[in-house]
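The values are calculated or read from the model by the stated rules, or taken from the named source; none is laboratory data. All of these numbers come straight from a predicted model, not from anything done at the bench. All Cβ positions, even for glycine, are placed from backbone atoms using ideal geometry, and neighbour counts span all protein chains on display. The area values use the complete protein model at the heavy-atom level, side chains included, leaving out ligands, DNA and RNA. Shrake-Rupley method; radii C 1.70, N 1.55, O 1.52, S 1.80 Å.
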Amino acid sequence: MIDQPLLFAADVLATLVFATTGALVASRKQMDIFGFMWFAAATGVGGGTLRDLLLGVPVFWIEDPFPLTLCLGVAVFLHFTASSFQSRMKVILWLDAFGLGFAVTAGTLKALDHGTAGIIAVVMGVFSGTVGGIIRDTLGQEPSIILKREVYVTAAALGAFTTVMVLGAGETRFLAAAAGFAVVFALRGAAVLRNLALPVYNPRAGRDYR
């Protein structure tokens, strides 16, 4: 059975945090208030929109406009207050870590609630958590966060996997969501603080057949 309050809360928290990061990028680009709204809305609801479209269910912010209204409210607020953040890039990174955790757990649980296999739920969790940031970075012409060496998609995938495993072990949905969030935030936080990264591909010199 779908736990609407838990899913709605996770979606709203993810939307709030991601909308904030989108608006802060707009402030870095010195955009007008409508630019703030566009960045906040696209970042805030982007991941959840893709998730719902792929699952074939009503898009959450169309079904209930509160998340979109929240994005616009955040945009207006930050248009007048963003200058008070002394280090906006650092704020964006930490807020993004929170948003990633909320979005991953919401996406994973919603996919499971609609009868998907565990591996599909993990993929939906990753999509939910990462697409908003990709949209934000693309619109802002910033280096995409998923192309950096720091752990990001890996944190999302492991958090989603943890949520599936804890729920599969018979624990409560709240505990599964909390465990998934904790894994995402811990790994992403370590990446921000310690530049935590996985080994990268090193191409080997091949033969020259010319």
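Observations
- Extending 7 Å from the Cα toward the beta-carbon at both Arg194 and Asp32 defines two label points whose distance is 4.7 nm.
- Here the chain is treated with +1 on each Lys and Arg Cβ and -1 on each Asp and Glu Cβ, and its dipole about the Cα centre works out to around 920 debye.
- Accessible area of Ile120 in the full protein assembly, 1.4 Å probe (Å², nearest 10): 80 Å²
- Build a GNM of the chain with springs between Cα atoms under 10 Å apart, and of Pro65, Pro143, Pro199 the one that fluctuates most is Pro199.
- Cα-based reach from Lys148 at 24 Å (exclusive), listing lysines while leaving out same-chain residues under 8 positions away: Lys29, Lys90
- Ellipticity estimate at 222 nm from DSSP helix runs (n ≥ 4, -39,500 (n - 2.57)) divided over the chain, nearest 500: -25000 deg cm²/dmol
- Nearest-10 value in Å² for the accessible area of Asp32, using the 1.4 Å probe: 100 Å²
- Shown here is the pair-distance distribution of the stretch 72-124: with all Cα-Cα distances grouped in 10 Å bins from zero up to the longest one, the shares run 22, 31, 23, 19, 4 percent.
- Translational diffusion of the stretch 21-66, estimated by Stokes-Einstein from the Kirkwood radius over alpha carbon pairs at 25 °C in a medium of 0.890 mPa s, is 216 µm² per second.
- The stretch 1-107: translational diffusion in µm²/s, Stokes-Einstein, Kirkwood Rh over Cα pairs, 10 °C, 1.306 mPa s: 115 µm²/s
- Simple Cβ-charge dipole of the stretch 103-185, Lys/Arg +1 and Asp/Glu -1, about Cα centre, in debye nearest 20: 20 debye
- Prolate/oblate/rounded label for the stretch 150-210 (Cα gyration tensor, a/c 1.5): oblate
- Based on protein heavy atoms only, the stretch 71-210 ends up with 55 Å² per residue of surface accessible to a 1.4 Å probe.
- Under the membrane-span-like helix rule (DSSP H runs whose alpha carbons stretch at least 15 Å along the helix axis, mean Kyte-Doolittle hydropathy 1.0 or higher), the chain yields 4-28, 33-55, 66-81, 118-139, 153-168, 173-194.
- Orientation-averaged projection of the stretch 65-210 equals 13.1 nm² [convex hull of Cα atoms, one quarter of hull surface area].
- The length gained by stretching the chain between His114 and Val91 to full extension, at 0.36 nm per residue less their Cα-Cα distance, is 4.8 nm.
- Projected-area mean, the stretch 90-176, by convex hull of Cα positions, square nanometres: 5.8 nm²
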